[in-house]
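For reference, the structure discussed in these notes is given below.
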Amino acid sequence: MTFGYTDALNQPTVIRLPGTNSDGSPKEVAITDWFWRTLRSTVDILSGATDPQFLVFTYVEGDTVSHSNNIAAAQQRSATLLDTNSEGAAEMPAEQEYLCYALSVDIRQFLFDDGEDGDAAYTVTAAALPIPNAGNVAICQSRLITELEVTQKATFQDQPGWFASGADPFVTGGTTAAVRTYATNGIASKDSIDRAPLAIHIGGTEKFQGIFHNPAQLAALSFVGEDGVVSTTVSMRLCLRMVGLQKRPTA
């Protein structure tokens, strides 16, 4: 990948991508109207889920947040800016483009109450929530595979632990509960986010989605409660974040 610069400023204006177009010309992306921006999308996974995969970047604000199939309609949430800032559902808007250099995964833990509806069904009434306990972070890291799929092609793909959050709380201690051990997905530093030397380009109207694969879906993806025992009332909230350059219209 090579960069072009203006004469007046040390500012990149063109990125040349690997390969060539169908006419033999180089693949280039002009970045004069681009800026560094993260895109994020969230999924709710309730303990006991057996879904083969959990999809993100498939909805926009106002839509239903992605969720495991064992979450009933009443407890499904309506997406807000906290859940996603993507402006296209499984497709980059026609007037936008994105150059993704990295992925990061936030992991949060909630108590699930099926007697409440929507957001109210996800509570933080136990100690330290929504900071997850170590066992549940380890379950997510060992049982799931994170992937960015662009035009039905797998690009970045690895276990969630490879895609460190970089934005987790800075944990400094524990609680009085012996089984409660704080954990985060990686060191709470943006330096822990692995940035690829080559960006993944997502063009206008191009299809893309984030996937949390659950390869062992025949065995329930079960999480433990504050007592260290598998619980049906634990819900994990995973947020997949793309890090890179985005082109958006100025008006």
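The values are calculated or read from the model by the stated rules, or taken from the named source; none is laboratory data. The structure displayed is predicted, hence computed values, not measured ones. Using ideal geometry, Cβ is built from the backbone for each residue, glycine included, and neighbour counts are taken over all protein chains shown.
Things worth noting here:
- In region 30-40, residue modelled with the highest pLDDT [restricted to those that are over 22 Å from the mean Cα position of the chain (by Cα) and exposed (fewer than 14 other Cβ atoms within 10 Å of the Cβ)]: 33
- Considering residues of region 189-248 that are assigned to a loop (DSSP other than H, G, I, E, B) and polar (S, T, N, Q) only, the residue nearest to residue 82 (Cα to Cα): 189
- Sole residue being modelled with pLDDT of 95 or more, buried (at least 19 other Cβ atoms within 10 Å of the Cβ) and not polar (S, T, N, Q), chosen from 193, 202: 202
- Number of residues in region 1-29 that are modelled with pLDDT under 65, assigned to a loop (DSSP other than H, G, I, E, B) and touching a Lys or Arg at 6+ places or on another chain (Cβ under 8 Å): the value is 1.
- When 43, 60 are screened for being assigned to a strand (DSSP E or B) and either free of Cβ contacts under 8 Å to residues at least 40 places away in the same chain or in contact with a strand residue (DSSP E or B) (Cβ under 9 Å, 6 or more places away or on another chain) (or both), only 43 passes.
- Looking across region 141-164 at every residue that is touching a Leu at 6+ places or on another chain (Cβ under 7 Å) and in contact (Cβ under 8 Å) with a residue 60 or more places away in the chain, the one that is farthest from residue 54 (Cα to Cα) is identified as 163.
- A residue that is touching a Pro at 6+ places or on another chain (Cβ under 6 Å) and modelled with pLDDT under 85 can be found somewhere in region 217-235.
- Number of positions in region 61-101 that are touching a helix residue (DSSP H, G or I) at 6+ places or on another chain (Cβ under 8 Å) and surrounded by fewer than 18 Cβ atoms within 10 Å (Cβ to Cβ): 3
- Residue satisfying all of: in region 95-140; without any contact (Cβ under 8 Å) to a residue 24 or more places away in the chain and of a type in the set (S, T, N, Q); nearest to residue 211 (Cα to Cα) among these: 123
- Just one of (1) in contact with a Phe, Trp or Tyr (Cβ under 9 Å, 6 or more places away or on another chain); (2) crowded, with 22+ Cβ neighbours inside 10 Å fails for residue 134. It is (2).
- Long-range neighbours under 6 Å by Cβ, at least six apart or interchain, first residue more than 24 Å from residue 104 (Cβ to Cβ) within region 208-220, second exposed (fewer than 14 other Cβ atoms within 10 Å of the Cβ) and of a type outside the set (Lys, Arg): 217/52
- Filtered residues of region 117-136 (kept if at pLDDT below 95 and either within 25 Å of residue 195 (Cα to Cα) or not in a helix (DSSP H, G or I) (or both)): 124, 125, 126, 127, 128, 129, 130, 131, 132, 133
- Here residue 187 passes the criteria (1) β-branched (Val, Ile, Thr); (2) within 30 Å of residue 205 (Cβ to Cβ); (3) out of contact with any Phe, Trp or Tyr (no Cβ under 9 Å at 6 or more places or on another chain) except the one numbered (2).
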